[in-house]
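To start, the structure itself, in structure tokens.
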Amino acid sequence: MIAIVDYGMGNLGSVQKALNYLGYDSIITRDSEQVLTASGVILPGVGAFDPAMEALSKLGLDQTVCDYVSSGRPFLGVCLGMQLLFDGSDEGANKGLGIIKGKVRRLPKPEGQKIPHMGWNDLISANDHVFRSGDYVYFVHSYYCDPEDRSHVAAEAFFGIPFACAVSKDNILATQFHPEKSGEVGLAILNRWARRTR
């Protein structure tokens, strides 16, 4: 059973619908025991960094996520759920979970373009077998993750600058883009991750 962490700021229904379509059992939960006993965990997220960390902390799910990651079982962070794994963000004053060393930084505004980076973009490089260079995926974000250890960059995209749009570390995979909103390509990415939970 895959647990989708509910802390009030995630795109929960779309993630669960995608998993159901792919044939994976999942549960939307804020119960720590259900998270800790799951075969895989997804931390989604839509919104701002500080309110998300405050919601996780209030529910005790910040420690639950850290404990689950320490178990070595498959973990997926999506969008804001990726950013929360880092030490902190330019978006707010709160500390992140600190699971991946590095900072979340504001995207510089490309000439002639708008922030947020919203819409479809392709992966210009990919270092994890879950991704393919040229995969065309859907983004909505104003901040990007900047890991201290560049070996954790699993894929990059370009929006004014090249940025890490996916990271991988041990049992952790996280994407800045939304695989659940990225059509057949996104479903294939989600499926390649979810196979690890079986």
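The values are calculated or read from the model by the stated rules, or taken from the named source; none is laboratory data. All figures in this text were calculated on a predicted structure; none of them were measured in a lab. Because the Cβ atoms are built from the backbone with ideal geometry, glycine has one as well, and the counts that use them run over all protein chains shown.
Report, by residue number, each residue of segment 1-31 that is modelled with pLDDT of 95 or more, assigned to a loop (DSSP other than H, G, I, E, B) and of a type in the set (A, V, I, L, M, F, W, C). Selection gives M1 alone. Screening N94 on (1) under 30 Å from G119 (Cβ atoms); (2) modelled with pLDDT of 95 or more; (3) more than 15 Å from the chain's Cα centre (by Cα) shows it passes everything except condition (2). Are there any pairs with C-beta distances below 7 angstrom linking a residue in segment 63-78 that is in contact (Cβ under 8 Å) with a residue 60 or more places away in the chain and surrounded by fewer than 24 Cβ atoms within 10 Å (Cβ to Cβ) to a residue that is outside any helix (DSSP H, G or I) and of a type in the set (G, A, S), with the two at least 6 apart or on different chains, and if so which? Here the result reads R73/S39; R73/G40; P74/G40, each pair linking segment 63-78 to a residue that is outside any helix (DSSP H, G or I) and of a type in the set (G, A, S).
Given the structure, is R192 among the basic types (K, R), at pLDDT below 95 and more than 24 Å from K101 (Cα to Cα)?
Values: among the basic types (K, R): yes; at pLDDT below 95: no; more than 24 Å from K101 (Cα to Cα): yes.
Judged against the criteria, R192 is not a match.
Among the residues of segment 178-191, at least one is closer than 30 Å to G112 by Cβ and surrounded by fewer than 16 Cβ atoms within 10 Å (Cβ to Cβ). Taken over segment 39-62, the criterion of being surrounded by fewer than 20 Cβ atoms within 10 Å (Cβ to Cβ), of a type in the set (G, A, S) and in contact (Cβ under 8 Å) with a residue 24 or more places away in the chain is satisfied by S39, G47, A48, A55, G60.
A count restricted to segment 1-38 and to residues that are without any contact (Cβ under 8 Å) to a residue 24 or more places away in the chain and under 15 Å from D62 (Cα atoms) stands at 2. Applying the criterion of being charged (D, E, K, R) and modelled with pLDDT under 90 to the residues of segment 110-131, the residue that is nearest to the chain's Cα centre (by Cα) is D128.
Screening D67 on (1) more than 24 Å from Y24 (Cα to Cα); (2) modelled with pLDDT of 95 or more; (3) acidic (D, E) shows it passes everything except condition (1). Filtering segment 15-38 to residues that are of a type outside the set (F, W, Y) and surrounded by 16 or more Cβ atoms within 10 Å (Cβ to Cβ) leaves V15, Q16, A18, L19, S26, I28, T29, R30, S32, Q34, V35, A38.
Give me a count of the residues in segment 25-73 that are more than 24 Å from E91 (Cα to Cα) and basic (K, R).
Taking segment 25-73 first, the residues more than 24 Å from E91 (Cα to Cα) are 25-41, 67-73.
Add one more test, that the residue is basic (K, R), and what stays is 30, 73.
Matching residues across segment 25-73 total 2.
Here D135 passes the criteria (1) in contact (Cβ under 8 Å) with a residue 40 or more places away in the chain; (2) within 18 Å of F159 (Cα to Cα); (3) surrounded by fewer than 17 Cβ atoms within 10 Å (Cβ to Cβ) except the one numbered (3).
I'm trying to understand the selection: among the residues of segment 38-47, which are closer than 20 Å to L97 by Cβ and modelled with pLDDT of 95 or more? Write out each step before concluding.
Step one: of segment 38-47, the residues closer than 20 Å to L97 by Cβ are 38, 40-47.
Those that are closer than 20 Å to L97 by Cβ and modelled with pLDDT of 95 or more: A38, G40, V41, I42, L43, P44.
Among the candidates L76, L85, the residue that is of a type in the set (A, V, I, L, M), within 20 Å of K169 (Cα to Cα) and assigned to a loop (DSSP other than H, G, I, E, B) is uniquely L85.
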